[in-house]
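Below: one structure, written as structure tokens.
The values are calculated or read from the model by the stated rules, or taken from the named source; none is laboratory data. Predicted model, so just to flag it, every value in this text is computed and none were measured. Cβ placement follows ideal geometry from the backbone for every residue including glycine, while neighbour counts extend to all protein chains displayed. Surface accessibility is based on the protein's heavy atoms, side chains included, excluding ligands, DNA and RNA. Shrake-Rupley method; radii C 1.70, N 1.55, O 1.52, S 1.80 Å.
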Amino acid sequence: MTEALSLVPKAEAKQSMKDFKSDQEVRWCPGCGDYAVLAAVQGFMPELGLAKENIVFVSGIGCSSRFPYYMNTYGMHSIHGRAPAIATGLASSRRDLSVWVVTGDGDALSIGGNHLIHALRRNVNLKILLFNNRIYGLTKGQYSPTSEVGKITKSTPMGSLDAPFNPVSLAIGAEAGFVARTVDSDRKHLTEVLRQAADHPGTALVEIYQNCNIFNDGAFDALKDKQQAEEAVIRLEHGQPIRFGADGSKGVVRDPATGDLKVVTVTAETEARILVHDAHAASPTTAFALSRLADPDTLHHTPIGVLRSVERPVYDTLMADQLDAAIEQHGKGDLSALLAGNDTWTVVG
Amino acid sequence: MTSQVSSPAEKADGSDGAEGAESAESAESADAAHDTVVGEQRSTPGRRASDKEVRRLDRVIIRFAGDSGDGMQLTGDRFTSETAAFGNDLSTLPNFPAEIRAPAGTLPGVSSFQLHFADHDILTPGDAPNVLVAMNPAALKANIGDVPRGADIIVNTDEFTKRPMAKVGYETSPLEDGSLEAYNVHPVPLTTMTIEALKDFGLSRKEAERSKNMFALGLLSWMYHRPTEGTERFLRAKFAKKPQIAEANVAAFRAGWNFGETTEDFAVSYEVNPATRAFPPGTYRNISGNLALSYGLIAAGQQADLPLYLGSYPITPASDILHELSRHKNFGVRTFQAEDEIAAIGAALGAAFGGQLAVTTTSGPGVALKSETIGLAVSLELPLLVVAIQRGGPSTGLPTKTEQADLLQAMYGRNGEAPVPIVAPRTPADCFDAAMDAARIALTYRTPVFLLSDGYLANGSEPWRIPEIDELPDLRVQFATGPNHELADGTEVFWPYKRDPQTLARPWAVPGTPGLEHRIGGIEKQDGTGNISYDPANHDFMVRTRQAKIDGIEVPDLEVDDPDHARTLVLGWGSTYGPITAAVRRLRAAGTPIAQAHLRHLNPFPRNLGEILARYEKVVVPEMNLGQLATLLRAKYLVDAHSYNQVNGMPFKAEQLATALKEATHD
Ligand SMILES: Cc1ncc(C[n+]2csc(CCOP(=O)(O)OP(=O)(O)O)c2C)c(N)n1
Ligand code: SF4
Ligand SMILES: [Mg+2]
């Protein structure tokens, strides 16, 4: 059992994927990437071995946010953008629960941006799954805060004007202790990332590239098409040199002049300089620099995997500690003493 | 009510020793709990040796006014504590600017504290002060308009120099140009005398000067025969880490007292007997509305046997509740200062889902931000207390002033049909009971509840009879533990929206309960199962059911006070209780019959309200808004409710209300 979940009761019997499927009919569009993520999560949950009554999924609003209805756990489908705040109240008062947040790119980064960054800096014990399809699915296809500049949608017939967020960069900037990126179609990778996220004490942000085949089909093809992917995807593994491309022909090195990272062709000369990925580095600088390698338009040089995983004090633990310390210092609260206070007078009948 | 409280008159000239206050408190440790029996402490100051005249009054209104930096709120608080300990009934009105340090010596920077105390039960902080303490020209100028002719004015003459006077537009000194002729002015060089009194303390002039408010307090304490040991104990506790400052303040306080005792200018001192008949037997303390409300929340958590969870974002005048609850973590109270009001209520709602007694505290603009989440709570049918301390609006409005203009926001400020019960306290101490009542409704009916207080109640204070724990209501609830429904095929299942037939409340099944895993959300739910449903008939049914649940909440019948079978009823809600009741007394004393009733529950209204309204020829509704309750009454009961409104950021004055009510009874 991981440290992050040490207070959560274990399941009595061995669980299977079936145990985590609710009786509700799944209603995403056929072919939607959300199905794959749901299957991966349902498939992964038994591995945690937690009592499923102690697992809660909280979501906002959006196609992806229907997720909790399909999990046979406790769940709340809340309001647009507010899931991290609601989950914070639940997780900070109930440390015996494993609390998961499901959110979309609009939900988490537009209307709920404030809650997301504050959840990350606070480091509440939450696992946030951010389904990024680079579009507003539920409201039928407006551009989102992760859409590429110039995106033509119903609300931007001449192309969108605003530069997108890179959710991973944003999370690292918001003091996140755990930040990862994965892709809906890569079940194995997705599951491995979930495993590491679940294992992390505190807030974990997992960005999941998710295809919306109705309003933004093929948004991540550059990362999925076998041929293109070789050039586009940088798979990060802690402790491994950062190499990609056909036969690892490309690598990431630090530019000694600027200190920034750049992609080079691996040669006898550059090989020794290839950066070894350190997800546990105390400083977020390299993780941030890695997140900036991706081209927001072509998605070339998109790192996936765990960019950053460092332990920081966990908010709900600290909160509980303060309650214990208060009792130690002042004794358990005595209501009649509290109400009476220090300055009273008595009227005799 | 008979009482064994000894009459202070017996000891009025206090020739019982002259040990001074030093010995009076020596045995007390600084922060030890302190209880006195009313009247007994009259013997403790014990240094009244002169034979100055002592006059008996039945009530007095004092206003301390000075610069924001002069410590007027603290001075007022201390005088209040002394007065409470003495056993008078009292009511207070702090009035301060929104700026933390408004420019010194200016009119907007004036801070004041009014205290009304009496030998009988009183209801308001008083209309017009009998005594004004003005620490500088700005304080005089800002307050003189409220002071009736013949009243006492104590001025700090040291501040009446050219520049400070010019700053507020006094071309000549009002102390010399005869403009204050109609008043009984006492010129006192407060600053100089304070510095003189502290000359042996080795303090800088500036440091010494800071104690001038304690000098003023000492003088007023002498004038009104207040017990002094509480203040000395307080000062020593407050400055425990700086004993020199503590002693300097005590010395200034005593110097003020002694000044009154010896100077010729103060020939008379006044006595106001304890309000022995105003108080039923019991143990009392003085309490402000926000403190009483905080205690009510803690008590509700204890009585419900649920951990209290507060999600809040600082806003005047609600922040004190966040501060207070944050101090009581040893009661298992969790306080969460969120990034904004939306997150604050979101966290509270999440905690409610997890089985906590969840609260969010805010004021007008914050309520606006929380509206969407309140709607979610209505849909989720989870218990949640939304504490709104109203202030002047719209927008940022008047943060430190009072108003009642958020009633309709509380009532209707959400999308869809989203009824929310509303409970409104009527006095500062009543905030305790109102908080517990709001918790009862939230927990019993699984609903968000508005607890609608205001700035006047929040900061005002009055004596409170401290309840015994066994007098408090039992608020325990039953979480769902197992299936509550049998399907046609005999399977036992859990239906999150299957209701209690009596209360229409749904089960509260908290995460961690095996077998009851379920999903809830803001999308319309099928009756019973709670599954998503877009069925038109189901939606119609659910909307009506949620409304019926709120309409069916048990609230006590409205009581009418109508000794003379009047034709006119005055109906109020919330903090106007004091001024309305005081006005009603005046009318009746002058022989004008008038009936009075006051609403605590604004949603649902008491069942008998319609019948009561129908009984009277005329219904007058005074409110600190433009007629919001009147609008509700007109809509629901088709009654021609007459509004009497004031929205100037201040509570009604009793006299003005009495005049208005008197006119209302005539036409
Ligand atoms: C307060 C509020 N504003 C707007 C909406 C409409 N709305 C619903 S979902 C959504 C965007 C969803 O986009 P995203 O979070 O990316 O989720 P997706 O549907 O793509 O999974 C919007 C604007 C709403 N439900 N609530
Ligand atoms: S609109 Fe797009 S994101 Fe939404 S369910 Fe359909 S395919 Fe999935
Ligand atoms: Mg989206």
Check: If you take just the helices (runs of 4 or more DSSP H) that sit entirely in the range A:134-237, which of them hold at least 3 residues that are away from ligand 3 (no atom under 16 Å from the Cβ) and basic (Lys, Arg)?
Finding: A:187-199
Next item on the list: Scan the range B:446-469 for residues that are more than 22 Å from B:LEU93 (Cβ to Cβ), in contact with a helix residue (DSSP H, G or I) (Cβ under 6 Å, 6 or more places away or on another chain) and of a type outside the set (A, V, I, L, M) and jot them down.
Entry: B:PRO448, B:PHE450
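Could you pull out the residue among A:ASP316, A:ASP321 that is in a helix (DSSP H, G or I), surrounded by fewer than 17 Cβ atoms within 10 Å (Cβ to Cβ), within 36 Å of the chain's Cα centre (by Cα) and of a type in the set (Asp, Glu)? Full working, then the answer.
Working: A:ASP316 fails: surrounded by fewer than 17 Cβ atoms within 10 Å (Cβ to Cβ).
Exactly one residue qualifies, and that residue is A:ASP321.
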Next item on the list: Could you check, for the range A:13-29, whether at least one of its residues is more than 15 Å from ligand 2 (Cβ to nearest atom), of a type in the set (Gly, Ala, Ser), more than 8 Å from every other protein chain (Cβ to nearest Cβ) and over 28 Å from A:SER144 (Cβ atoms)?
Entry: yes
Notebook entry, point to check: Looking at the range A:44-78, which of its residues are in contact with a helix residue (DSSP H, G or I) (Cβ under 8 Å, 6 or more places away or on another chain), assigned to a loop (DSSP other than H, G, I, E, B) and either of a type in the set (Lys, Arg) or within 11 Å of chain B (Cβ to nearest Cβ) (or both)?
Noted result: A:GLY60, A:ILE61, A:ASN72, A:THR73, A:SER78
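Scan the range A:16-42 residue by residue and report those that are open to solvent by 30 Å² or more (accessible area, probe 1.4 Å) and away from ligand 3 (no atom under 16 Å from the Cβ).
Step one: list which residues in the range A:16-42 are open to solvent by 30 Å² or more (accessible area, probe 1.4 Å), which gives A:16-19, A:21, A:23-27, A:29-31, A:35-36.
A:SER16, A:MET17, A:LYS18, A:ASP19, A:LYS21, A:ASP23, A:GLN24, A:GLU25, A:VAL26, A:ARG27, A:PRO30 - these are the residues of the range A:16-42 that are open to solvent by 30 Å² or more (accessible area, probe 1.4 Å) and away from ligand 3 (no atom under 16 Å from the Cβ).
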Margin query: For the range B:337-350, check the following and say yes or no: at least one residue is surrounded by fewer than 24 Cβ atoms within 10 Å (Cβ to Cβ), assigned to a helix (DSSP H, G or I) and facing another protein chain (nearest Cβ under 7 Å).
Written below: no
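Listed residues A:ALA326, A:ALA337; which is within 30 Å of B:LEU235 (Cβ to Cβ), facing chain B (nearest Cβ under 9 Å) and surrounded by fewer than 17 Cβ atoms within 10 Å (Cβ to Cβ)? Steps first, please.
On the way: A:ALA326 fails: surrounded by fewer than 17 Cβ atoms within 10 Å (Cβ to Cβ).
Sole residue among the options that is within 30 Å of B:LEU235 (Cβ to Cβ), facing chain B (nearest Cβ under 9 Å) and surrounded by fewer than 17 Cβ atoms within 10 Å (Cβ to Cβ): A:ALA337.
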Notebook entry, point to check: Any residue in the range A:157-165 that is modelled with pLDDT of 95 or more, more than 16 Å from ligand 1 (Cβ to nearest atom) and open to solvent by less than 20 Å² (accessible area, probe 1.4 Å)?
Noted result: yes
Check: Restricting to the range B:261-306, what's the tally of residues that are part of a strand (DSSP E or B) and surrounded by 22 or more Cβ atoms within 10 Å (Cβ to Cβ)?
Finding: 6
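Return the total of residues in the range A:44-63 being open to solvent by 10 Å² or more (accessible area, probe 1.4 Å) and within 16 Å of ligand 3 (Cβ to nearest atom). Reasoning before the result, please.
Quick first cut of the range A:44-63, residues open to solvent by 10 Å² or more (accessible area, probe 1.4 Å) only: A:46-49, A:52-53, A:61-63.
Applying the additional criterion that residues be within 16 Å of ligand 3 (Cβ to nearest atom) yields A:61-63.
The number of residues fulfilling the criteria is 3.
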Note to self: Every residue in the range A:88-116 that is more than 8 Å from chain B (Cβ to nearest Cβ), more than 16 Å from ligand 2 (Cβ to nearest atom) and open to solvent by 10 Å² or more (accessible area, probe 1.4 Å), please.
What the structure shows: A:ARG95, A:ILE111, A:GLY113
Margin query: Going residue by residue through the range A:296-313, is there one that turns out to be more than 14 Å from every other protein chain (Cβ to nearest Cβ), touching a Pro at 6+ places or on another chain (Cβ under 6 Å), buried (at least 19 other Cβ atoms within 10 Å of the Cβ) and β-branched (Val, Ile, Thr)?
Written below: no
Notebook entry, point to check: For residues in the range A:79-113 being over 15 Å from the mean Cα position of the chain (by Cα) and part of a helix (DSSP H, G or I), which is nearest to ligand 3 (Cβ to nearest atom)?
Noted result: A:SER110
Check: Quick one: B:GLU417 ticks every box in (1) open to solvent by less than 30 Å² (accessible area, probe 1.4 Å); (2) more than 14 Å from chain A (Cβ to nearest Cβ) bar one, so which box is it?
Finding: (1)
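Here's the yes/no breakdown for (1) within 16 Å of ligand 1 (Cβ to nearest atom); (2) among the hydrophobic types (A, V, I, L, M, F, W, C):
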site: A:SER59; (1), (2): yes, no
site: A:VAL99; (1), (2): no, yes
site: A:ASN123; (1), (2): no, no
site: A:ILE128; (1), (2): yes, yes
site: A:SER147; (1), (2): yes, no
site: A:ILE152; (1), (2): no, yes
Next item on the list: Kindly provide the set of residues from the range A:272-295 that are open to solvent by 70 Å² or more (accessible area, probe 1.4 Å) and in a helix (DSSP H, G or I), ordered by number.
Entry: A:THR285, A:PHE288
Next item on the list: Could you tell me whether the range A:160-180 includes any residue that is within 16 Å of ligand 2 (Cβ to nearest atom) and not hydroxyl-bearing (Ser, Thr, Tyr)?
Entry: no
